[in-house]
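Report on one structure; see the data block that follows.
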Amino acid sequence: MADSADIAKDATPPTATPDYLVGRGHDFASVTEKISSIVLQRRTPWGWFAGFAVSFALMMLLFVALTHLVLKGVGIWGVNVPIGWGFAIINFVWWIGIGHAGTLISAILLLLRQEWRTSINRFAEAMTLFAVACAAIYPIAHTGRPWLAIYWLFPYPNTMNLWPNFRSPLIWDVFAVSTYATVSFMFWFVGLIPDLATLRDRAKSKPWKIVYGMLAMGWRGSARHWHNYDTAYLLLAGLATPLVVSVHTVVSFDFAIGIIPGWHATIFPPYFVAGAIYAGFAMVLTIAIPLRKFYGLEDFITMRHLENMAKVMLATGLIVAYGYMMEAFMAWYSANQYERYMIWNRMTGPYRKMYWALIFCNVLAPNTLWIKNLRTSVPYLFVISLVVSVGMWLERFVIIVTSLHRDFLPSSWGTYSGTLFDWSAFIGTLGLFVTLLFLFVRFLPAISIFEMRTILPGAEPQEGKR
């Protein structure tokens, strides 16, 4: 006997589907045509070429900086005693944090059956992969001579018993980040398969038919294919969900297990995770707003999507603000003179401007999202997303540098600032990230075609009945 809830759900008229998830007047054919035409259009827009040229030039700056690093060594960076960690670790943590929103949107919101994820999950997943790629550059480059040192991070057998130290969180990073990248790629690619088959069937060019056909892996949309797809997609979502929490928790252990004042704090794992989701959603907004504008996707990435992301930013921003307050409170409450000096030095020392700038960017400015008129203003959301991205970078800078530049002995005190090559590498990774995004938008569907079709009026209301 059918469940009464299922009967009621099946009896719901098609017009009851929330229209804010997709603009009115769309059907299966119009959704497929609109999204696939971005990829299959014969002439690439000049705007795409202009943006790609700028980002590609910045990416070349990264290659120049890395080439000079290989020739000269890490001495070209601003790291010194006692600041042994600089831009390399700051940017590594920042990029890993940005990569969290994609997995959160795709995996956790999928398991919670939040349909508003449908329009943004595809490019958010791609953003995750590109951010992890940018992050991976820094630990490798930080070794100075990666061809001589990077393989010591992997647990391979050797005759001299020089095994990696598995008690070091730097080794945990290798396993956590590599696992996260692998599962995220599989999750992204599995979700692409039905859309790759759509592009294969609609492509006019024979070479592109072959390329998309190979990537579609023989997809024909049969009942068995859909069954295997649903099983694999749900399984990968379940695997990816704990990774959202574990990856940045492990990254926070790089600091939390140390004895440096300002680092060994038990609050680091949860507020690093919250900060990662915070920064990640800010980057998703930064990508989504220009994407919907330049490609006319306002019917698919609606104000409801932007407002929901703003609400997530507001919630995670409050968690981050709570972490800042607890960090200052515990430094005072501990009665440890070094901890108290550390937090006071952040507020009043040589890096005080950066500290108060991060408080403005991460705490004060985002709290304006309580106001609905601001929360539903597209230009304001774009500005706030950029402000939060800057603030989260400043947070990593303050945590690392202000905890290191005042050693236990005043004779060892020093200051730190990034050199030309530090900034070149950082700006270059931004160029690499944007270049990959441009290529992704041009050659792959930035929005999931088949998932958008499942939320249209008249689509099968019960998931799995394809």
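The values are calculated or read from the model by the stated rules, or taken from the named source; none is laboratory data. Everything numeric in this text was worked out from a predicted model, so none of it was measured. Glycine gets a Cβ as well: all are built from the backbone with ideal geometry, and neighbour counts include every protein chain shown. All accessible areas refer to the heavy atoms of the entire protein, side chains included, with ligands and DNA or RNA removed. Shrake-Rupley method; radii C 1.70, N 1.55, O 1.52, S 1.80 Å.
If you check Leu58 against the conditions, is it within 22 Å of the chain's Cα centre (by Cα), more than 21 Å from Trp147 (Cβ to Cβ) and modelled with pLDDT under 85?
For Leu58, the condition - within 22 Å of the chain's Cα centre (by Cα), more than 21 Å from Trp147 (Cβ to Cβ) and modelled with pLDDT under 85 - is not met.
Pairs, please: C-beta under 6 Å, at least 6 apart or cross-chain, first residue touching a residue at least 40 places away in the same chain (Cβ under 8 Å) and polar (S, T, N, Q) and in segment 443-457, second surrounded by fewer than 22 Cβ atoms within 10 Å (Cβ to Cβ) and in a helix (DSSP H, G or I)?
Filtered contacts from segment 443-457: no entries.
Of these, Gly280, Gly296, which one is within 30 Å of Ala446 (Cβ to Cβ) and assigned to a helix (DSSP H, G or I)?
Result: Gly280 is the single residue among Gly280, Gly296 that is within 30 Å of Ala446 (Cβ to Cβ) and assigned to a helix (DSSP H, G or I).
For every residue, the table says whether it meets (1) on the phi > 0 side of the Ramachandran plot; (2) modelled with pLDDT under 90; (3) touching a Cys at 6+ places or on another chain (Cβ under 6 Å); (4) open to solvent by less than 30 Å² (accessible area, probe 1.4 Å).
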{"site": "Arg200", "(1), (2), (3), (4)": "no, no, no, no"}
{"site": "Leu234", "(1), (2), (3), (4)": "no, yes, no, no"}
{"site": "Val250", "(1), (2), (3), (4)": "no, yes, no, yes"}
{"site": "Ala256", "(1), (2), (3), (4)": "no, yes, no, yes"}
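Going by what's in this entry, would Val401 be described as in a helix (DSSP H, G or I), modelled with pLDDT of 90 or more, over 18 Å from the mean Cα position of the chain (by Cα) and buried (at least 17 other Cβ atoms within 10 Å of the Cβ)?
Taking the combined requirement at face value, the residue satisfies it.
Which condition breaks for Leu162 when tested against (1) modelled with pLDDT under 90; (2) among the aliphatic types (A, V, I, L, M); (3) surrounded by 16 or more Cβ atoms within 10 Å (Cβ to Cβ)?
Just one mismatch for Leu162, condition (3).
Return the residue satisfying two criteria in turn: it lies in segment 165-206 and is aliphatic (A, V, I, L, M) and within 17 Å of the chain's Cα centre (by Cα), and of such residues it is farthest from Pro445 (Cα to Cα).
Only one residue tops the list, namely Ala176.
Out of the residues in segment 362-393 that are hydrophobic (A, V, I, L, M, F, W, C) and open to solvent by less than 20 Å² (accessible area, probe 1.4 Å), which is farthest from His305 (Cα to Cα)?
For segment 362-393, the residue satisfying everything is Met392.
Using the structure shown, decide if Ala240 is open to solvent by 20 Å² or more (accessible area, probe 1.4 Å), in contact with a helix residue (DSSP H, G or I) (Cβ under 9 Å, 6 or more places away or on another chain) and among the aliphatic types (A, V, I, L, M).
No: the conditions fail for Ala240.
Report the residue count in segment 349-384 for those that are in a helix (DSSP H, G or I) and under 30 Å from Thr415 (Cα atoms).
13
Please go through segment 244-299 and pick out each residue that is under 21 Å from Ser377 (Cβ atoms) and not hydrophobic (A, V, I, L, M, F, W, C).
Tyr278, Thr286, Pro290, Arg292, Lys293, Tyr295, Gly296, Glu298, Asp299
Can you confirm whether segment 423-436 contains a residue that is in contact with a Gly (Cβ under 8 Å, 6 or more places away or on another chain), surrounded by fewer than 21 Cβ atoms within 10 Å (Cβ to Cβ) and assigned to a helix (DSSP H, G or I)?
Yes, the conditions are met somewhere in segment 423-436.
Within segment 301-358, work out how many residues are hydrophobic (A, V, I, L, M, F, W, C) and in contact with a Gly (Cβ under 9 Å, 6 or more places away or on another chain).
Number satisfying all stated conditions: 7.
Within segment 30-53, work out how many residues are assigned to a helix (DSSP H, G or I) and in contact (Cβ under 8 Å) with a residue 40 or more places away in the chain.
Going through segment 30-53 one residue at a time, the tally reaches 12.
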